[in-house]
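Some notes on the structure that comes next.
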Amino acid sequence: AVVSTQSAHYGRGNNDVWAFDTDTEKWSQLNVSGIKPSPRDKHSSVLWGTKLVVFGGFGPAGEVEGSEDEGDSINFTWFNDVYFFDTETSVWEAPNVSLVGGPVPRAAHSATLYKEKMFVFGGKDSKARNQDLFALDLNSLEWNKVEDAGARPAPSSFHCAIQYQQFMMTYGGRFNDNSHSNLLNVLDCETGGWYNPGEGTLPAARGQTTLSLLANGTLVMFGGSDKFDVLQQCCQVFDTQVYQLDCKQLKSVEVPVPAEVEKADEPAEQQTVQQTAAPANQTPVV
C-alpha cells in the first residue's frame, strides 16, 4: 500500500513494519506502538484512508519469544483476526470485529477495498482451499457472506486480486490438487456476478503473482510460480513475463436475485479467532 511517498509493508513471519520512500528509494523500519498482530505470513492488507487493514494469515500460535528456531516446538495456526495500522501515527489497533457471519481462519487469500468494505475471497484454512466471498464493513465492523453467482473461481489460494471501480479481479491461484489456474476472474461488486473476460493471449498458469493498476486503467501482471512439488513443498517454475489488460473494457454483470435465500447457522469454529494449531514440530501445508 502506498501512502504519500512511502509504502508500508507488514513482514513475512514477523510483526515488524517497514516503509519504502518512493522519492529516496530507501527502506526504513517504523517505530510502532499499540496492539500489533502476532508474527505471521500469507495475510492480506488493504489501504482504507490512511489505515492499513490487515486480515488473517498463518503463523505461530501464541508467544514465540526466546525461540532461536522457528521450527522448534512451535505450534502453527491460521488466523481470522483484523488489525488496523495508522500510517500517520504508526499505531496498531485491534478493533472489536464481530466474528458472526465471517470467514473461518485462513491464509493465502485475497482482499480488496470497495465502498468502505473489505472483500475477502478464497484462501486455505486447516482443511482445504476455499471459494467463498465475504465483505467486512469497516465502519460497523460486521462481516457478511456475499451472495455471488456466475463464473466463480474454483477453490484456490495464492491467487492475487485488485480492485478497479466496481470490479474485483482475481488471477491465477493454486487449487486443492496443487495445480494452478491461468484464469482472470472478474466480480461485479454491485451485483455479485462473476465472469471471465477470456480474450487475447492467456498467460501460463501460476500463483503468487502480482497485479498493479495504472492511472489509465491498464492492469499489469508480473511474475508468479507454477509446478508445485509436494515433496519439496515449493514450486519448480518461476516466471518473469509481463502481461497487461485494458480494464476499461470490463462490463457489468446482471445476476438474478432469488426471492428468498436460506442461510445456515454458522459452524462453531467460525466463532473463534484461530483454529486448533498443528502439532508441535510439524508445520502444516498452506
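Kirkwood Rh over Cα pairs of the stretch 71-206 into Stokes-Einstein at 4 °C, 1.567 mPa s: D in µm²/s?
Roughly 81 µm²/s, to the nearest whole number.
Distance check, please: which entries in 42/127; 145/251; 51/124; 51/127; 115/251 exceed 28 angstrom between their Cα atoms?
From 42/127; 145/251; 51/124; 51/127; 115/251, over 28 Å: 51/127.
Per residue, how large is the accessible surface of the stretch 57-189? Use a 1.4 angstrom probe and give square angstrom.
Spelled out: the 1.4 Å probe surface of the stretch 57-189, per residue, equals 39 Å².
With unit charges on the beta carbon (Lys/Arg positive, Asp/Glu negative), name the residue among 153, 62, 134 whose Cα is farthest towards the positive pole of the charge dipole of the stretch 55-186.
It is 153, whose Cα lies furthest towards the positive end.
Tally up the carbon and sulfur contribution to the accessible surface of the stretch 159-210 as a whole percent, 1.4 Å probe, everything protein left in place.
46 percent
Could you state how much accessible area residue 27 has, in square angstrom rounded to the nearest 10, with a 1.4 Å probe and all protein chains kept in place?
That residue has around 150 Å² of solvent-accessible surface.
Calculate, for the stretch 191-253, the solvent-accessible area per residue in square angstrom, rolling a 1.4 angstrom probe over the heavy atoms of the protein chains.
Accessible area per residue: 60 Å².
Quote the convex hull volume per residue of the stretch 24-135, based on C-alpha atoms, as a whole number of Å³.
Each residue corresponds to 150 Å³ of Cα convex hull volume.
Would you mind computing the Rg to Rh ratio of the stretch 165-244 from its alpha-carbon coordinates, Kirkwood style for Rh?
So for the stretch 165-244, dividing Rg by the Kirkwood Rh gives 1.01.
To the nearest 20 Debye, how big is the dipole of the stretch 85-241 about its Cα centre, given +1 on the beta carbon of each Lys and Arg and -1 on that of each Asp and Glu?
The calculated dipole for the stretch 85-241 is roughly 460 debye.
Can you give the FRET efficiency for residue 204 and residue 86, using 1/(1 + (r/R0)^6), R0 = 51 Å, r = Cβ-Cβ distance, to the nearest 0.05?
0.80
The values are calculated or read from the model by the stated rules, or taken from the named source; none is laboratory data. Bear in mind the structure is a predicted one, so any value in this text is a computation, not a measurement. Here Cβ is always computed from backbone atoms with ideal geometry, including for glycine, and neighbour counts include all displayed protein chains. Heavy atoms of the whole protein, side chains included, go into the accessibility calculation; ligands, DNA and RNA do not. Shrake-Rupley method; radii C 1.70, N 1.55, O 1.52, S 1.80 Å.
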